[in-house]
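Since the structure comes first, as structure tokens, the remarks are kept for the end.
What follows draws every value from the coordinates through simple rules; no lab data is involved. None of these values were measured; they are calculated from a predicted model. Here the Cβ is made from the backbone with ideal geometry for all residues, glycine too, and neighbour counts use every protein chain on show.
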Amino acid sequence: SFYEYQYSVEVTNGAGSVAYDSSIHTRTLASAPLAGATLNASTTTSSIILLQWVTPNIDLLRGDIVNFEVIGYQVVSEQIVTSFYNGTDNIFSVTGLNPSTSYGFRVILFNGIGYAESNTVEAMTLDGAPRGVYPPIVTVINATALQVEWTEPEQPNGVIISYNILLDDMSIYTNNISGTFIVVNLLPFTVYSFQIVACTLFACTPSNYTSIQTLQAPPTGFIAPNVTNLKNDSFTASWVAPTSPNGIITSYSLYLRYVIPCSQSTDQDICDYIECSLGESRCGSQCYMPATHTCCQDTLYLQA
């Protein structure tokens with residue numbers, strides 16, 4: 001089938017033969033091809049695979065190429081993805097593929113009479129940037145500590161080589177698996193913003209921010225009030241806010257304590273004190289060792 005022949009006419013009589021100078025060229029009709037193209041695939045990027053194929057010789061093709069069609073599928077699901085190409089070229093770049101995914105391809109040629117399929121080739125796209133990186137889940141532990149929890153991206157698009165925790169855009173922790181991390185030594189009643197950055201060998205993708213506030217704590221950095229205009233029956237007290245409120249100051253309370261000289265005191269215990277050694281306890285006006293004695297109503301008893 002589909003062979004080309006050349007004809008010429010020769011006339012012969014008793015005197016001899018004469019051949020026409022011109023000849024006739026003709027070709028037999030095409031028929032279904034006996035073989036398909038030889039296909040090769042190579043990975044270009046995380047979303048592109050390059051396909052190239054070689055057409056069989058004319059004896060196997062048995063006709064002229066009308067068109068090539070490229071079809072492909074994901075290897076895991078074996079589901080036909082789409083017909084990527086329809087034309088007469090012997091090269092085509094398949095684009096828009098998913099990163100870190102194996103695909104199978106084959107080329108179907110048509111010679112006007114029949115079809116023939118190529119060999120099937122498989123190729124995997126390169127790792128891409130992760131997609132669907134979820135914001136971290138942050139919970140309050142106390143006034144100075146928070147717990148950060150993160151999960152794998154919706155589409156890793158490759159092997160996740162690192163998770164980076166950012167606190168107010170500064171890296172504080174890196175790990176290669178999802179999990180939890182407790183952040184300590186924070187300031188009370190302070191808003192912090194956390195972000196997770198997931199990375200493959202190809203690229204990194206940040207999540208949205210999660211903001212949270214630590215709990216309140218007692219104020220610190222509060223100095224004694226300033227007393228002025230001291231008179232027999234009045235004085236003026238003034239104070240400034242603590243350097244670290246550690247929360248919302250709801251009130252200030254001013255306490256007044258009378259100081260009575262010991263010479264004027266009727267309670268001698270106010271002016272006397274007892275100093276005990278390390279490890280001793282006090283019983284009334286005495287020091288004792290709990291290992292050898294027992295105190296009951298300010299009276300010492302030797303243990304049996």
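Reducing region 173-187 and region 200-243 to their Cα centroids gives an inter-centroid distance of 26 Å. The helix-only estimate of mean residue ellipticity at 222 nm for the chain, built from DSSP H runs of length n ≥ 4 each weighted as -39500 (n - 2.57), is 0 deg cm²/dmol after division by the residue total. The distance between label points at residue 66 and residue 229 comes to 10.8 nm (points 7 Å beyond Cα on the Cα→Cβ vector). The residue list 116, 126, 197 was ranked by how far each Cα lies along the charge dipole of region 102-239 toward its positive end, using unit charges on Cβ atoms, and 197 comes out on top. Shown here for region 64-151: GluC sites (Glu not before Pro) in loop regions (DSSP other than H, G, I, E, B) with at most 13 other Cβ atoms within 10 Å, namely 78. At q = 0.22 Å⁻¹ the log10 of I(q)/I(0) for region 180-263 amounts to -1.13, computed by Debye summation with a single uniform scatterer per C-alpha, solvent ignored. The label-point distance for residue 302 and residue 241, in a model that sets each label 7 Å from Cα toward Cβ, rounds to 6.4 nm. Candidates 235, 255, 8 compared by Cα position along the dipole of the chain: farthest toward the positive end lies 235, with charges placed on Cβ. The value obtained for the chain, namely the Cα convex hull volume divided by the number of residues, is 282 Å³ per residue.
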